[in-house]
1. With the requirement that a residue be part of a loop (DSSP other than H, G, I, E, B) and away from the ligand (no atom under 16 Å from the Cβ), what does the range 57-69 give you?
2. Filter the range 30-56 for residues that are touching a strand residue (DSSP E or B) at 6+ places or on another chain (Cβ under 6 Å) and closer than 19 Å to P16 by Cα; which is farthest from the ligand (Cβ to nearest atom)?
3. Condition first: part of a loop (DSSP other than H, G, I, E, B) and touching a Gly at 6+ places or on another chain (Cβ under 8 Å). Now tell me which residues in the range 13-56 satisfy that.
4. Name the residues in the range 1-41 that are farther than 20 Å from S67 by Cβ and at pLDDT 85 or above, would you?
Amino acid sequence: MDNAAKGATDGNGLPPPETIYVDQHRISCDGGGGPLGHPKVWYSLEDGRAVCGYCGRLFIYDPEKASRR
Ligand SMILES: [Zn+2]
């Protein structure tokens, strides 16, 4: 079956982007590290939100929802 290999990759792309609440206007994202990671990049949440151009994560400035680590 020539289509078997192709079919195995369909629907198996990147995981859905996450929404991350932060309590800072400057955040960094590295994709979480590991095989799904990417070079560390910094974003300014000037409009209260930013989307990572690498992994598509949405960062929203919301101190009340931001979880402390
Ligand atoms: Zn990212």
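The values are calculated or read from the model by the stated rules, or taken from the named source; none is laboratory data. Small disclaimer: the values here were computed from a predicted structure and weren't measured. Glycine gets a Cβ as well: all are built from the backbone with ideal geometry, and neighbour counts include every protein chain shown.
1. Pass one, the range 57-69, residues part of a loop (DSSP other than H, G, I, E, B): 57, 62-69.
Hits for the range 57-69 are D62, P63, E64, K65, A66, S67, R68, R69.
2. Result: R49.
3. Here is the first cut: in the range 13-56, the residues part of a loop (DSSP other than H, G, I, E, B) are 13-18, 23-25, 30-33, 37-40, 45-48, 52-56.
Scanning the range 13-56 gives L14, P17, D30, G31, G37, H38, C52, Y54, C55.
4. Keep residues of the range 1-41 that are farther than 20 Å from S67 by Cβ, which gives 1-14, 34-41.
Passing the criteria: G37, H38, P39, K40, V41.
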